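Read-outs throughout are calculated quantities, based only on the coordinates presented, and are distinct from any laboratory measurement. Keep in mind that what you see is a predicted model, and the values were worked out from it rather than measured. Counting neighbours? That spans all protein chains shown, and the Cβs are built from the backbone with ideal geometry, glycine included.
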Amino acid sequence: MQMTTFVIRTGLKAKSNCSGRFRRIGMIRFGIGIATVMLASGTALAVSDLASGTVQVMQKSRSFQPGAIELQQNQVLQIMNDDGQLMYHAYVDARDFKFDSGEQAPGTTVNIQFPTAGIYVVLCGIHPKMRLNVAVR
């Protein structure tokens, strides 16, 4: 059985007097509760899969959701077109790094791995107001 851990940055810390398996279950429930509350309030979350080193961002309603993320070096940014009808075209045009996804049909994903630490901007060639700020640490 493969277990995948998802990290949600909330700025909140949970404390527990339990140990072992029960503490982990409590933390998982706590994390899911926060995710539910944030999603219900309309806050977009980037999902991080620690096992694969991938952070996923959605393209929907002519925007990146969320609009800013932080990655560690060697993590992969996966951008998914989660819009039922719109095409997207993600690209990066930094001085030290270039990336161009080409046209992205609904339901498709592209992966970007940034070569060095720094601040990058991912834009959309079709929807010029779309912007994703990426900080690589």
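Mind listing just one residue for me: the one in region 76-106 that is assigned to a loop (DSSP other than H, G, I, E, B) and touching an Asp or Glu at 6+ places or on another chain (Cβ under 8 Å) and, of those, farthest from residue 60 (Cα to Cα)?
So the residue we want is 89.
Take the residues in region 66-115 that are among the aromatic types (Phe, Trp, Tyr) and within 20 Å of residue 128 (Cβ to Cβ); name whichever of them is surrounded by the fewest Cβ atoms within 10 Å (Cβ to Cβ).
Among residues in region 66-115 that are among the aromatic types (Phe, Trp, Tyr) and within 20 Å of residue 128 (Cβ to Cβ), the one surrounded by the fewest Cβ atoms within 10 Å (Cβ to Cβ) is 91.
Give the residues of region 116-125 that are in a loop (DSSP other than H, G, I, E, B) and exposed (fewer than 14 other Cβ atoms within 10 Å of the Cβ), sorted by residue number.
Of everything in region 116-125, those that are in a loop (DSSP other than H, G, I, E, B) and exposed (fewer than 14 other Cβ atoms within 10 Å of the Cβ) turn out to be 116, 117.
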